[in-house]
Amino acid sequence: PGTLHVVATPIGHRDDIGARAIETLRRAKVIAAEDTRHTRPLLQHLGVDTPLVALHDHNERTAVDGLLERLRGGDDVALVSDAGTPLISDPGFRLVRAARAAGFRVSPVPGPSAVVAALSVAGLPSDRFIFEGFLPAKAGGRRSRLGELAGEARTLIFYESSHRILESLEDMRGAFGADREAVVARELTKMFETVLDGTLDDLVRQVAADPNQQKGEFVVMVAGREAGEDERLAEGLRVFAILKDELP
Ligand code: SAM
């Protein structure tokens, strides 16, 4: 049977792809891509002409059957997403799970992921961290999630898009306190890469004051609660977030 190779691709700079990733994409019989229109230019740049099939959140159930059939027939399949590592806030979970359940070899070709790239330059404690992916889009859901995290001692990492960066930072200031240390990593490896640090209050002000700082892709990292911080405040916020959902 074939192998499912889970291949990371660049998060910005198009040369951030290793020799083994390129070779794996070239040798695969088919590449399952989140958006074939997005992956095609990358393959062209790499000189790879392996055929593409779409595998996104809306067709993953049906596409998986076809790909399992290819693996069963002996074809190697490569899985990529639009940027970074598949499955990390990206499609691929159902395929990987189904391939493992069916007994196929699933093997990674590791490479960029925005969460690790951002943490590696943040200067926040990196020995223990939690990745929260995207916060809920609606203010109520976002605030209650942040309330649940107010007491977390590990460094917190969030993905954010340009639509909501300012609102999210404001809500983080509300949940974690104005003085909590944080870092906003924007457009990593791209032309307008910026890494801002300061208290959540500083960051809200800096981002609010400069519309350019609201554009692009962001990783927001917040220091965990320090042992010295007011524990009752964090606990109060957590309980409030839970109660708020229960109340009529
Ligand atoms: N699978 C990807 C990974 O491994 O990082 C993440 C895909 S997710 C749909 C896209 C989000 O990742 C963006 O909204 C942003 O939060 C983050 N991201 C991706 N590329 C980035 C970059 N170059 N700089 C900062 N954040 C980035």
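Computed from the coordinates by the stated procedures, all read-outs in this text should not be read as laboratory data. Predicted model only: the values in this text are computed from it and were never measured. Every residue, glycine among them, receives a Cβ derived from its backbone with ideal geometry; neighbour counts consider all protein chains shown.
With N denoting the number of residues in region 123-248, provide Rg(C-alpha) divided by 2.2 N^0.38 Å, to two decimal places.
Here the Cα radius of gyration is 1.03 times the empirical estimate.
Where does the chain land at 222 nm, in deg cm²/dmol rounded to the nearest 500, when only DSSP H runs of n ≥ 4 count, each adding -39500 (n - 2.57), divided by all residues?
About -12000 deg cm²/dmol.
Suppose we keep just the DSSP beta bridges with both residues in the chain; what percent of those would be antiparallel, to 5?
Taking every DSSP beta bridge within the chain, about 45 percent pair in antiparallel fashion.
Using only the alpha carbons of the chain, determine the length spanned along each of the three principal axes and report them from longest to shortest in whole angstroms.
Principal-axis extents of the Cα atoms in the chain, largest first: 59, 42, 32 Å.
Only bridges whose two residues both fall in region 1-97 count here: according to DSSP, what percent of them are antiparallel, nearest 5?
10 percent
Please give the peptides 111-122, 56-67 ranked by average Cβ packing (other Cβ atoms within 10 Å per residue), highest first, as a rough proxy for protection.
111-122, 56-67
Calculate, for residue 191 and residue 137, the FRET efficiency according to 1/(1 + (r/R0)^6) with r their C-beta to C-beta distance and R0 25 Å; round to the nearest 0.05.
Once rounded, the FRET efficiency stands at 0.35.
Please work out whether region 123-168 counts as rounded, prolate or oblate from its C-alpha gyration tensor, where a ≥ b ≥ c are the square roots of the eigenvalues and a/c under 1.5 means rounded, while otherwise a/b larger than b/c means prolate and anything else oblate?
oblate
Note down the magnitude of the dipole of the chain about its Cα centre, charges +1 on Lys and Arg C-beta and -1 on Asp and Glu C-beta and zero elsewhere, to the nearest 20 debye.
Computed about the Cα centre, the dipole is about 940 debye.
Report, by chain and number, residues whose modeled amide H sits under 5 Å from the one on residue 162, excluding near sequence neighbours (fewer than 5 apart, same chain).
216
Quick one: which of 162-171, 190-199 comes out on top by average Cβ neighbours within 10 Å, and what's the full order, highest first?
162-171, 190-199
Using Cα positions and a limit of under 18 Å, work out the lysines in reach of residue 190, with same-chain residues fewer than 8 apart set aside.
215
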